[in-house]
Amino acid sequence: MERIDQRRSLDDKKTTLLTAMQETVSSDYRKLKDIATVLSDVEETRAVANKMMAKYVEKIPQEDDGTAVQPQEAVGGNEDRASDILRNNYSALSQSITEPVRIAKLLHEEVIPDEALSCVISTRSTISDSRAVLLKAVRDAVHSNYKHLELFVTVLRKFSETARIGDTIFEEYRKHCDCYDDDDDVEDGVAKHLPIEKSMSTSSESSSLDDGEMNKHGDHKILFSRSMKKEFKRMRMKFGSTFYQVQRSFSNRKDILIIDDVKELIIHWFPDLASELSYKKTIGDVLNVVKRKCNIIDLHPLENLASEFNIDDAKPVIKSYKEEAKDFCKSISVNLCLDEKLQAVATPSRLLCETVVFVFNWDPDETTLQDINDVLDELELLDKCRIQIDKVGPGKSVIVTCYCPAEYTGLLKSIVLEKIDMLRREGLKEFIIGKDTVWDAQDLLVQINDLKTALRDRDEKIKAAETDLARFKELSENRLKKIETLEINLEESRHINVQNEEKINELKEKMSSLTEEVAEKETMLKQYLKEKEDTEKELASLKEQSENRLQEIEQLRLKFEESNSMCNA
């Protein structure tokens, strides 16, 4: 174990240490004694160590204590078997997982909860710690539901470092877990055992999606006739024979085939197979990987390979199988496909984000597998988006469940939405990717009804507006008449105003003349008043002079009288 980052919190350090101890004991129970010995040297943990040692002595027979630990055989239920498989491969997983955070993100929600993802991310600075947290979360998930191991395998196969261990775990899973019917094991009659035909059970979430869709559209149980089951077996056996002959044709040409060129071409077609092909060394192993991209009604990948590398011996074999598969598709109604998978080889559960569902409003009794192929061929989805038909289920509708690599789901969505009108005419009711309903005819009908209601409301508003408009128009016409009358009156008023203006101008001229005359009179009056004032001043002066003269005269008279008196005397 790598050193724990000292910068982390105490709780994180405790979690990491306990997780590492748990994983160590899971792979070798005898390590518990060593851990207890170390803990007994510390005073704070001595009591716990003594309890652990007592339990160890009580539960583990002493004669087993020195025996080398062997991988545990899968016993009990499927959960126990799957847990044992995971435990037995723990050492290889610890050495091969180099990107625990990316793996955790892919497993998030379907396998591991939010808390586990957060813990993996929080310990990402140390790969071993992050990996230990991831494996503990996976082990807990598998212990609660063995199907989670299939999803773990699906994710492991996406990385070149873990693809091999993913294949190993899957083979052990197929061997020990009760995921197949014994009747499904058939011999190809030519060489070795044909891979089990039915795909593995879908994951809990993927299964709930498929079952949910069928229930939603009125799933009803149909008795599956033995003769039809034999038809599927016959096609799988025929597929096995055909694949064996094609594989042998390729092997006969191995002296001229460059395996890296074959792998490079396959990766160009199917990028999601790159990790699984990375460690394949023989043409047979490579073709076994390609077989996962085929199903019992579709041999296109093998056919294209034979064409690209001029494997002439394989072409007539493939052509013969294609004709038989086409006849099979035309003869099998969807109702008879209940619980039958179309995959040619055992396949672990798909990730929910890579599960695509098409729901068609078709009668299952009158719909054949060829009808489904025709629609998907018309969309060219099989080539453009690398989708595979996994299974077809009946109900009141036809439900087609497909696999699409995560990197192509965006393209798939755009293509389907671009041609949604054509698909709607073909009877598409729903289009689902993962847990998201991308398109739903029912929702569309609701939207159409809402739109119709909105249109009716709009029409009523338009009618009310038209009524108001007619009333307003009438009112406007009346107002226009009034305006015309006012304009006439205004014109007359303007004419009168012109006449009045002339008179006013005349009066203004007269007033101006009178004003000038008054001003002149005022000037004259001022002049007169000034002259009058001057005259008055002059008269006053003359009066004063006159009075003075009179006084003088009076004085002279007095003097004269006095003089006369004196003279008389």
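Observations on the model:
- Out of THR98, THR45, one residue alone is over 18 Å from GLN22 (Cβ atoms), at pLDDT 80 or above and among the β-branched types (Val, Ile, Thr). It is THR98.
- Residues of region 273-285 that are under 35 Å from the mean Cα position of the chain (by Cα) and either closer than 14 Å to GLN247 by Cα or crowded, with 16+ Cβ neighbours inside 10 Å (or both): LEU273, ALA274, SER275, GLU276, LEU277.
- Test: residue in region 291-306 that is closer than 30 Å to LEU156 by Cβ, without any contact (Cβ under 8 Å) to a residue 40 or more places away in the chain and surrounded by 17 or more Cβ atoms within 10 Å (Cβ to Cβ): yes
- Pairs linking a residue in region 395-423 that is of a type in the set (Ser, Thr, Tyr) and modelled with pLDDT under 85 to a residue that is part of a helix (DSSP H, G or I) and buried (at least 19 other Cβ atoms within 10 Å of the Cβ), with Cβ atoms under 8 Å and 6 or more positions apart or on different chains, are SER397/PRO364.
- Residue count for region 264-277, restricted to those that are closer than 18 Å to PRO348 by Cβ and in contact (Cβ under 8 Å) with a residue 24 or more places away in the chain: 5
- Of the residues making up region 29-52, those that are surrounded by 13 or more Cβ atoms within 10 Å (Cβ to Cβ) and outside any helix (DSSP H, G or I) are TYR29, ARG30.
Every residue, every condition in (1) more than 58 Å from the chain's Cα centre (by Cα); (2) modelled with pLDDT under 80; (3) not basic (Lys, Arg), yes or no:
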site: THR437; (1), (2), (3): no, no, yes
site: ALA441; (1), (2), (3): no, no, yes
site: LYS452; (1), (2), (3): no, yes, no
site: ASP459; (1), (2), (3): no, no, yes
site: LYS481; (1), (2), (3): yes, no, no
site: GLU492; (1), (2), (3): yes, no, yes
site: GLU502; (1), (2), (3): yes, no, yes
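- When region 58-95 is limited to residues that are aliphatic (A, V, I, L, M) and over 29 Å from SER130 (Cβ atoms), the one that is modelled with the lowest pLDDT turns out to be ALA68.
- Single residue of region 237-260 satisfying the filter (charged (D, E, K, R) and in a helix (DSSP H, G or I)) that is nearest to LYS280 (Cα to Cα): ASP260
- Given (1) surrounded by 15 or more Cβ atoms within 10 Å (Cβ to Cβ); (2) out of contact with any helix residue (DSSP H, G or I) (no Cβ under 7 Å at 6 or more places or on another chain); (3) within 28 Å of GLU99 (Cα to Cα), number of the condition PHE270 does not satisfy: (2)
- Subset tally (residues that are of a type in the set (Ser, Thr, Tyr) and part of a helix (DSSP H, G or I)) for region 121-150: 4
- Scope region 120-129; condition at pLDDT 90 or above and either crowded, with 23+ Cβ neighbours inside 10 Å or within 22 Å of LYS435 (Cα to Cα) (or both); matching residues: VAL120
- Test result for LEU382, part of a helix (DSSP H, G or I), among the aliphatic types (A, V, I, L, M), surrounded by fewer than 23 Cβ atoms within 10 Å (Cβ to Cβ) and modelled with pLDDT of 80 or more: no
- Options SER208, SER203, SER225: the member that is out of contact with any helix residue (DSSP H, G or I) (no Cβ under 8 Å at 6 or more places or on another chain), at pLDDT below 90 and polar (S, T, N, Q): SER208
- When each of VAL155, VAL138 is tested for being touching a Phe, Trp or Tyr at 6+ places or on another chain (Cβ under 8 Å) and not charged (D, E, K, R), the lone residue that passes is VAL138.
The values are calculated or read from the model by the stated rules, or taken from the named source; none is laboratory data. This one's a predicted model, so the numbers in the text were calculated from it and none came from an experiment. Backbone-built Cβ (ideal geometry, glycine too); neighbour counts: all protein chains shown.
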